[in-house]
Amino acid sequence: MKKFSPILQDLIDAFKQLPGIGIKSAQRIVFYLLKNNDDKAQFITEALTKSLESIKECSQCRMYTDSDVCEICLDEKRNSKTICIIESPADLLAIENTQQYNGKYFVLMGHLSPIDGIGPDELKINDLEELIVSRSIKEIILASSPTVEGEATANYIATIAENNNIKATRIAYGVPVGGELEYVDANTLIQAINNRNIMD
Ligand SMILES: [Zn+2]
């Protein structure tokens, strides 16, 4: 026997699929939105629809943007000879929030994971190589997460950098092994960037 409306069940299931949201949280969110919160629910619906229609990857760094090239890439005050490689837009925000990094970025949108069918093509590493060569990049800071896949990704890109005679550094200090970058606190992250090591 169905306990309640299938439409309601679908909505709860939809929220349950989001990262970090279990069944209890999904129910709480749905009931919260339904209970006298028409404005909020409507705002979320419209913001989501608008984002899905207009947000795409920056043609240079792959960060989400609603224009062809994002504001960071367009910012001429930033050092365009240093490029920081991260796995996700959340990692980019974590580094931006430290307010200590003034170079450009490239978002891989993942990490190498042959078991999941994610290789260099999926991460658009060809585009990255083209970018670092055409822009005469002086340093690549590899800030992929210190997980097994993140390290493999960093090593792969370091080899490409080496082949093009570009310095590649790897953040290390204070970032917990196996941790995800976006959860590292800002001070630790600042130290990690400042104490980066040259990759062999
Ligand atoms: Zn960009």
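Screening LEU112, LEU142, LEU189, LEU181 for residues that are touching a strand residue (DSSP E or B) at 6+ places or on another chain (Cβ under 9 Å), within 25 Å of PRO19 (Cβ to Cβ), away from the ligand (no atom under 16 Å from the Cβ) and touching a residue at least 60 places away in the same chain (Cβ under 8 Å) leaves exactly one candidate, LEU181. Within the set GLU139, GLU149, GLU129, the sole residue that is surrounded by fewer than 18 Cβ atoms within 10 Å (Cβ to Cβ) and on the phi < 0 side of the Ramachandran plot turns out to be GLU129. Given the conditions (1) within 16 Å of the ligand (Cβ to nearest atom); (2) in a helix (DSSP H, G or I); (3) in contact (Cβ under 8 Å) with a residue 12 or more places away in the chain, report the number of the one that ALA154 does not fulfil. Of the numbered conditions (1) within 16 Å of the ligand (Cβ to nearest atom); (2) in a helix (DSSP H, G or I); (3) in contact (Cβ under 8 Å) with a residue 12 or more places away in the chain, the odd one out for ALA154 is (1). Of all residues in the stretch 49-74, those that are farther than 20 Å from ASP91 by Cα and either within 16 Å of the ligand (Cβ to nearest atom) or more than 19 Å from the chain's Cα centre (by Cα) (or both) total 6.
Of all the listed residues (ILE21, ILE95), the sole one being more than 16 Å from the ligand (Cβ to nearest atom) and within 25 Å of HIS111 (Cα to Cα) is ILE21.
Conditions tested, residue by residue: (1) surrounded by fewer than 12 Cβ atoms within 10 Å (Cβ to Cβ); (2) in the same structural domain as SER134 (by TED's automatic domain parsing); (3) at pLDDT 95 or above.
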{"site": "THR45", "(1), (2), (3)": "yes, no, no"}
{"site": "CYS61", "(1), (2), (3)": "no, yes, yes"}
{"site": "THR65", "(1), (2), (3)": "no, yes, yes"}
{"site": "LEU74", "(1), (2), (3)": "no, yes, yes"}
{"site": "THR82", "(1), (2), (3)": "no, yes, yes"}
{"site": "ILE85", "(1), (2), (3)": "no, yes, yes"}
{"site": "PRO89", "(1), (2), (3)": "no, yes, yes"}
{"site": "LEU92", "(1), (2), (3)": "no, yes, yes"}
{"site": "ILE95", "(1), (2), (3)": "no, yes, no"}
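The set of residues in the stretch 47-59 being of a type in the set (Asp, Glu) and either surrounded by fewer than 12 Cβ atoms within 10 Å (Cβ to Cβ) or out of contact with any strand residue (DSSP E or B) (no Cβ under 7 Å at 6 or more places or on another chain) (or both) consists of GLU53 alone. Considering only residues that are more than 16 Å from the chain's Cα centre (by Cα), outside any helix (DSSP H, G or I), modelled with pLDDT of 95 or more and among the charged types (D, E, K, R), which ones fall in the stretch 108-138? The answer is ASP121, LYS138. Scanning the stretch 1-21 for residues that are exposed (fewer than 11 other Cβ atoms within 10 Å of the Cβ), within 29 Å of ALA90 (Cβ to Cβ) and small (Gly, Ala, Ser) turns up just one, GLY20.
The values are calculated or read from the model by the stated rules, or taken from the named source; none is laboratory data. The structure presented is a predicted model; accordingly, all values stated were derived computationally and were not measured. Neighbour counts are summed over all protein chains in view; Cβ atoms, including those assigned to glycine, are modelled from backbone coordinates with ideal geometry.
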